[in-house]
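The values are calculated or read from the model by the stated rules, or taken from the named source; none is laboratory data. In this text, all values refer to a predicted model and were calculated from it rather than measured experimentally. Please note: Cβ atoms are built from the backbone with ideal geometry, for glycine as well, and neighbour counts cover all protein chains shown.
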C-alpha cells in the first residue's frame with residue numbers, strides 16, 4: 001500500500017513504462033534511505049552498510 005500507483009484503479013503514473021519505472025525507483029530509494037524501521041532502529045541502507053547517514057533530497061536528485 002506504500003506505492004499508490006499499484007493500488008489505484010487509474011494508474012496515472014503508470015501510463016508508460018518510463019514513468020512507472022521512475023516512480024518505483026523513487027519509492028525504493030525513499031523506503032531504503034529515509035524510513036527508519038522499528039525492528040532494526042535504522043534505515044535498511046544503514047543496516048546493510050551501504051549508507052552511514054539518512055538520505056537527502058540532494059542525493060535523490062543527483063542520482064536521478
> So which residues in region 43-55 are surrounded by 14 or more Cβ atoms within 10 Å (Cβ to Cβ) and modelled with pLDDT of 85 or more?
Replying inline: 43, 44, 45, 46, 47
>> Restricting to region 51-63, count the residues that are outside any helix (DSSP H, G or I) and in contact (Cβ under 8 Å) with a residue 12 or more places away in the chain.
In response: 3
